[in-house]
Amino acid sequence: MSLSGSPRTVLLSGGSRGLGMVVAQRLLEDGHSIATFSRTRTPFCDEMESAHGGRFLFVEGDMSDNASLSAVMKASSERFGRLDVLVNNAGVAFDGVLAMFPVARIEKMMQINLTGALVLTRLFVRHLIGGSPEDKDKGGSIINISSIIALRGYNGLASYAATKAGMLGMTKGLARELGDRGIRVNAICPGYLETEMTHGLDGGQRDQIVRRTPLGRLGTPEDVVGTVRFLISDEAAFITGQEITVDGGVTC
Ligand SMILES: NC(=O)c1ccc[n+]([C@@H]2O[C@H](COP(=O)([O-])OP(=O)(O)OC[C@H]3O[C@@H](n4cnc5c(N)ncnc54)[C@H](OP(=O)(O)O)[C@@H]3O)[C@@H](O)[C@H]2O)c1
């Protein structure tokens, strides 16, 4: 797939493993630069630093800590100057039926998946708006990684669904708020992916998902990365406020 547009500088949360790792790797291959963070550095981060030198930055950071997000933003803009794209990818999926679910777990997941994404997006937007007059005209792009769980629900994931549905609301609200500045805001709703996040699914749940998926398998991060590449490219210049579902047809 050949997509047009100049190389972008991308701030990506949770680029150390899972979907974020594959997004980071693919965008680096496309010639973009990546600033990413998570709580724990992985061997992938060391590898990318030595393979891509100045185009890859990893710092430790925590979505549930506002000061940490400010530090991430500062480190990223010090390294790269103007950032063009934010991908809100970091997330956790604690499961359990709501009646038995500890309130502290609800609050933590809200903080990581939703409040953290809002705080980071706020910092990113202020960075774009506060730039030089010339930079301000360049616009920007924000991509929120939501989930089909926000659209359809799943037994035991009501709190997670709430955080991911919140991201869809944020997407639509911000698209309206930022459109006149040329900043596009979109969401991707992946189906069930083969990452650490779904390792807790038992054999029966896995079989049921595969049976209900027209394309007959779970997704992979590679299935989702094409939509990220598209949304940051010039081909998506007139797309904002949308959610794109990438799920092998399970919600059709
Ligand atoms: N896997 C699926 O089936 C699926 C389906 C739909 C949507 N999604 C969404 O896709 C995104 C990526 O999921 P994934 O499957 O790649 O999950 P994953 O393999 O568990 O990776 C999650 C990433 O987020 C980071 N992260 C978690 N908590 C963080 C925190 N407090 N601060 C900073 N970084 C944090 C993790 O690093 P650390 O733990 O080191 O911090 C890791 O880099 C999530 O938003 C998820 O909800 C996943």
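No other residue among A150, A161 is out of contact with any strand residue (DSSP E or B) (no Cβ under 7 Å at 6 or more places or on another chain), part of a helix (DSSP H, G or I) and aliphatic (A, V, I, L, M) apart from A161.
Only one of these is out of contact with any Cys (no Cβ under 8 Å at 6 or more places or on another chain) and crowded, with 23+ Cβ neighbours inside 10 Å: L178, L120, L174. Name it.
None of the other options fit; the residue is L120.
Figure legend. Inter-residue proximity from the stretch 9-23: first residues more than 12 Å from V225 (Cβ to Cβ), second residues assigned to a helix (DSSP H, G or I) and near the ligand (Cβ under 6 Å from one of its atoms), beta-carbon distance below 9 Å, spacing 6+ or different chains. Indicated pairs: S13/G20; G14/G20; R17/E196.
Figure legend. Inter-residue proximity from the stretch 156-168: first residues more than 16 Å from P102 (Cα to Cα), second residues near the ligand (Cβ under 8 Å from one of its atoms) and small (G, A, S), beta-carbon distance below 7 Å, spacing 6+ or different chains. Indicated pairs: K164/S146; K164/S147; M167/S146; L168/S146. A count restricted to the stretch 75-128 and to residues that are assigned to a helix (DSSP H, G or I), farther than 20 Å from L27 by Cα and in contact (Cβ under 8 Å) with a residue 60 or more places away in the chain stands at 4. If you go through the stretch 170-193 and pick out every residue that is part of a helix (DSSP H, G or I) and within 15 Å of the chain's Cα centre (by Cα), you end up with 2.
Residues of the stretch 47-91 that are acidic (D, E), in contact with a strand residue (DSSP E or B) (Cβ under 9 Å, 6 or more places away or on another chain) and within 14 Å of the ligand (Cβ to nearest atom): E60, D62.
Bear in mind that the values in this text are calculations on the coordinates, not laboratory data. Because the structure is a prediction, the values reported are computed rather than measured. As a convention, Cβ positions derive from the backbone with ideal geometry for all residues, glycine included, and neighbour counts pool all protein chains shown.
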